[in-house]
Amino acid sequence: MSEASKIETAEILIVGAGPAGSVAAALLRQQGRQVLVIEREQFPRFSIGESLLPQSMAYLEQAGMLQAVVEAGFQFKNGAAFMRDGCYTDFDFRDKHSEGWGTTYQVQRANFDHILAKEAERFGAEVRYRHEVLNIELGQGANGGARVTVKDPDGQQYVVDAGFILDASGFGRILPRLLKLETPSNFPVRGAIFTHVDDGIRAGGFDRNKIRVTVHPKHCDVWFWTIPFAGGRCSQGVVAETSFLDSYQGTPTERLRTIIAEEPSLQALLANANWDTPARQIVGYSANVEKLWGQGYALLGNAGEFLDPVFSSGVTIAFKSASLAAAALQRQFAGETVDWQADYGVPLRKGVDTFRAFVESWYAGGFQKIIFHEAKQPDVKRMISSILAGYAWDQSNPLVKETSRRLTALEALCS
């Protein structure tokens, strides 16, 4: 067999079968494009980021995946609750400024991601599990596309000439690493220790329809997530700067339980929990890149930028990036001239920057003063609810249109 005959071709190659890659694959297949997805892991596989935002539902609907997700039996979610020093406040996402979905689900990502990948296959995308992208040479493939070197599960290498590449590799960040696109995040180096538990929470003691975010009693920049699942389990984690996490001794599970014991309400909530799954730790997850696209490629979701898990924005940003990229590619394949910066980079970053402003304000303590303030104005609360529900691109919301100025004014009023 000649060397040339060993080269496969793909109209569009997607690196990664997570939420961004699977939704992009389904949208592109609906356009009639030939799509090959290369996924390093074998699905189902563990992942965090389990609390979806209602905005995500519109993209699942657009991709034709909504029915499969609804029928999976995930935990219903209608809002977010916050606890600090015994003070409780919550937001019902159905009572929000923006139009659109007000409810969603809290999902075990192993099952959720596998459902989306299978839906992408149902639409005709080819998904290859346990195949790993080793190298990407832009402009070196046939017709000016990219030449991609891939390793199969047996260790054999093969080459794919791809007309266009969507990097949905998540924290693997294949193209940012290969093309040296990574830039330092302006966030401090934080980490998370997390696990799944049989939570043992008694009926009535906890609103299972909402994610709960609990602030450490002494450190406003240390917080806990409690994400309830169907069937009496939950995802439990703590987020803090790595220096704080490293000051605790023992296994990840022991360290997590020790830190939780410092917050009385959370310790009481989980008093009957069965810690049946060893905890894990990730560090330094915040990431940024110089640009989100280039000649023959675009970066989707976490491959482009990951902020912080505090507002569960990761999957929503992933879906938004997939939708924008698929729309741009539809125009490009139709022969139109596409300005990827104007049609993809700028609009995607607008929402990301809105989330970023709220994340920065959260850790500085300002946003916490706003949400725990006793005299909340209903219209302002609905604006905040929209952001927390994922509608960070809705320019009709003053907190989106003028995020920094409005946030600063609210912080001053609540101080």
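Points worth noting:
- Within the stretch 115-137, at least one residue is modelled with pLDDT of 95 or more, under 13 Å from VAL37 (Cα atoms), aliphatic (A, V, I, L, M) and surrounded by fewer than 21 Cβ atoms within 10 Å (Cβ to Cβ).
Here's the yes/no breakdown for (1) modelled with pLDDT under 95; (2) not polar (S, T, N, Q):
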| residue | (1), (2) |
| --- | --- |
| THR226 | no, no |
| THR258 | no, no |
| ALA273 | no, yes |
| THR277 | no, no |
| ILE282 | yes, yes |
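- Pairs meeting the criteria (first residue in the stretch 16-36 and surrounded by fewer than 24 Cβ atoms within 10 Å (Cβ to Cβ), second residue in a helix (DSSP H, G or I), beta carbons under 6 Å, at least 6 apart or on different chains) are GLN31/GLN330.
- Answer from VAL15, VAL107, VAL70 - the residue that is closer than 22 Å to VAL213 by Cα, at pLDDT 95 or above and either assigned by TED's automatic domain parsing to the domain that holds HIS216 or hydrophobic (A, V, I, L, M, F, W, C) (or both): VAL107
- Subset of the stretch 138-160 (residues that are crowded, with 19+ Cβ neighbours inside 10 Å and not β-branched (Val, Ile, Thr)): LEU138, GLY141, GLY145, ALA146
This table checks each residue for (1) in a loop (DSSP other than H, G, I, E, B); (2) charged (D, E, K, R); (3) touching a Ser or Thr at 6+ places or on another chain (Cβ under 6 Å); (4) not assigned by TED's automatic domain parsing to the domain that holds ASN209.
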position	(1), (2), (3), (4)
PHE91	no, no, yes, yes
ASN111	no, no, no, yes
LEU116	no, no, yes, yes
GLU119	no, yes, no, yes
GLY124	yes, no, no, yes
ASN135	no, no, yes, yes
GLY139	yes, no, no, yes
ASP161	no, yes, yes, yes
LEU166	no, no, no, yes
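- Residue that is surrounded by the most Cβ atoms within 10 Å (Cβ to Cβ), among those in the stretch 39-82 that are in contact with a Pro (Cβ under 9 Å, 6 or more places away or on another chain) and assigned to a loop (DSSP other than H, G, I, E, B): GLY49
- Filter result (within 18 Å of ARG212 (Cβ to Cβ) and either polar (S, T, N, Q) or in contact (Cβ under 8 Å) with a residue 12 or more places away in the chain (or both)) within the stretch 231-243: GLY232, ARG233, CYS234, SER235, GLN236, GLY237, VAL238, VAL239, ALA240
- Scanning the stretch 367-378 for residues that are farther than 28 Å from TYR105 by Cα and of a type in the set (S, T, N, Q) turns up nothing.
- On the stretch given as the stretch 289-345, residues that are under 12 Å from the mean Cα position of the chain (by Cα) and surrounded by fewer than 21 Cβ atoms within 10 Å (Cβ to Cβ) total 1.
- Residues of the stretch 168-190 satisfying the condition of being small (Gly, Ala, Ser) and either at pLDDT below 90 or not assigned by TED's automatic domain parsing to the domain that holds VAL15 (or both): GLY170, GLY172, SER185
- Reported count of residues in the stretch 244-273, each being without any contact (Cβ under 8 Å) to a residue 40 or more places away in the chain and of a type in the set (Gly, Ala, Ser), is 4.
The values are calculated or read from the model by the stated rules, or taken from the named source; none is laboratory data. Since the structure is predicted, the reported quantities are computational estimates derived from the model, not experimental observations. Heads up, the Cβs are rebuilt from the backbone with ideal geometry, glycines too, and the neighbour counts pull from every protein chain shown.
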